[in-house]
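What follows draws every value from the coordinates through simple rules; no lab data is involved. Treat the numbers as computed from the prediction; the structure is a model and nothing was measured. Cβ: placed from backbone, ideal geometry, glycine included. Neighbour counts: every protein chain shown.
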Amino acid sequence: MRALLTPLLAVLLLCGCGSQSFKPSEYPIRQDLIQPFEVRGKVAVGNAQTTNEKITVYSYNDATYTANVSAVTEVMVRQAQKEIDRHGTQLGGEGLKTIALRVDSLESESHVVFYKSKMLFQVTLGDGQVINLSAAHASARLQDDLDGCIADGVAALLQDQRVHDYLASELAPPPPPAEEMSAPAPGEAAPPADAPSPAPSPSDAPSSGVPPPADAPAPAADAQPEAPR
């Protein structure tokens, strides 16, 4: 009986309270929800939510709870980074893999004896893939329901095979240094360092700058064959 009255009492207390702010926090994830996965290189999780817009996370009669959508995303980012570090099996490599998260909505509804929430979010992987995912949670307390939904979103992220494939993929080789890019192609011999420069053509020879003598004969025109007599 007491378990039935607790959510009802919470709803009654919310009535007439106006708008209040929900501050998200990390909610523990059951460790069996995330299986070990392979990681090649380092992984950085970032916040791709560019707005600080207030979203409604719960509304009942005159009571409304709102949250900063960027702050909600940031809690998810921090928890995702921790879970990757905890469950990822490192295969080596010095490159960087990136995962950008953006929470688009988070909202809970009252169901008499419990709260039930849903979150929509977007994942952008470093190779260009964009993945839209969702998560759902239920709890007897509103705060636990919303925080738990964020945590379930982290679990959904790290259960996705596309994310696993990206994290385990081979890293692209770094571009070659500039001097290597200008090296001759295989089979093409480079000229020796002491090779003489090609002789200049007559047209390239510099002029002496001295004019010819005044009585010098003009250059003859092309010789014509002599007509027979």
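Between beta-carbons, use under 12 Å as the cut-off and find the net charge around M119, counting Lys and Arg +1, Asp and Glu -1. Could you put the intermediate results ahead of the total?
Values: positive: R102, K116, K118; negative: D104, E107, D145, D147, D152.
Taking every other residue near M119 into account, the sum is -2.
Can you tally the net charge around Q31? Count Lys and Arg as +1, Asp and Glu as -1, for every other residue whose Cβ sits under 13 Å from the Cβ of Q31. With Lys, Arg at +1 and Asp, Glu at -1, the neighbours total +1.
Computed with the Debye formula from one identical point scatterer per Cα of the stretch 2-168, without solvent, the log10 of I(q)/I(0) at q = 0.20 Å⁻¹ comes to -1.22.
Separation of the stretch 35-77 from the stretch 106-140 is 10 Å, based on Cα centroids.
Among beta bridges identified by DSSP and lying wholly in the stretch 2-168, the antiparallel ones come to about 70 percent.
Amide H to amide H, with H built 1.01 Å from N, E38 comes under 5 Å of T89, counting only residues 5 or more places away or on other chains.
Report the net charge of residues surrounding D160, where surrounding means a beta-carbon distance below 15 angstrom and charges are Lys +1, Arg +1, Asp -1, Glu -1. Numbers along the way, then the final one.
Numbers: positive: K97, R162; negative: E38, E83, D127, D152, D165.
Net charge in that neighbourhood comes out at -3.
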